[in-house]
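One structure below.
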Amino acid sequence: MLTPRQNHVLQLLWLSQTRSWLRHQVPLIGSIIAGKPESMTEGRMDGCIDIDPTTLRLPKNARTFALKVRGDSMRNAAILEGDVVIMEFREARHGDIVAALIDGETTLKRFVVQNGVPYLRASNPKYPDLIPARELVIQGVLIALLRLSER
């Protein structure tokens, strides 16, 4: 779950940011586990990533943030440990990869709706489906993936 501090930082950045169609700054607000869900520790802003919004086809009012991936539950979706995912605050659709809060813990998984019941699915067969016991809150939908080569 995004911490109150992370939400505050994002709100300030989104409100103050002048949207140049030459570049857009996406706040990097920490990491997300792609594995067994876990409680998110107090978040911090790790800087910003400059992107070209036309390349990502972002609407002018897009609210975006970035997270560094930890774990291997999304490897068959080509999301690996150390990758940076660019997320957008918007409604999730069946099949979207999402940052989600499930029963108080955060994770990166595929959003699935079957017979009207939403749940989360890993893209690695060693991880089970996650069916919420109490709550499932989508915090962002994947819109881009960045992978830096090792130097």
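Compute the helix-to-body angle for 4-16: its Cα long axis versus the longest principal axis of the chain, expressed 0 to 90° and rounded to tens.
40 degrees
Projected onto the charge dipole of the chain (+1 at Lys/Arg Cβ, -1 at Asp/Glu Cβ, origin at the Cα centre), which of 142, 111, 33 gives the Cα projection farthest towards the positive end?
Highest projection toward the positive end goes to 142.
Provide the FRET efficiency to the nearest 0.05 for the residue 105-residue 147 pair, computing r from the beta carbons and using R0 = 25 Å.
Numbers: r = 25 Å, r/R0 = 1.02.
So the FRET efficiency works out to roughly 0.45.
Quick check on the chain: of the DSSP beta bridges with both residues there, what percent are antiparallel, nearest 5%?
The antiparallel fraction comes to roughly 90 percent.
Using r as the Cβ-Cβ distance of residue 5 and residue 94, and R0 as 41 Å, what FRET efficiency do you calculate, to the nearest 0.05?
That gives a FRET efficiency of 0.80.
Using only helices, what value at 222 nm comes out for the chain when you add -39,500 (n - 2.57) per DSSP H run of length 4 or more and divide by the total residues, to the nearest 500 deg cm²/dmol?
Numbers: 2 runs with 17 residues, N = 151.
After summing the helix terms and dividing by residue count, I get -3000 deg cm²/dmol.
Mind sorting out which of [x] 23; [y] 65; [z] 40 is the real percent of Cα pairs over 26 Å apart computed from the coordinates?
Given [x] 23; [y] 65; [z] 40, the structure-derived one carries the label [x].
Cα to Cα, under 18 Å, and not fewer than 8 places away if on the same chain: which aspartates and glutamates meet these conditions relative to residue 126?
List returned: 38, 72, 81.
Simple spin-label model, 7 Å along Cα-to-Cβ: residue 134 to residue 56 in nm?
3.2 nm
List the lysines whose alpha-carbon lies under 16 Å from that of residue 60, not counting same-chain residues fewer than 8 positions away?
Partners found: none.
To the nearest 20 debye, what charge dipole does the range 4-146 have about its Cα centre, counting +1 at the Cβ of each Lys and Arg and -1 at the Cβ of each Asp and Glu?
For the range 4-146, the charge dipole is close to 260 debye.
Throughout, read-outs are computed from the coordinates displayed, never taken from laboratory work. Model, not experiment: these values are computed from the prediction. Counting neighbours? That spans all protein chains shown, and the Cβs are built from the backbone with ideal geometry, glycine included.
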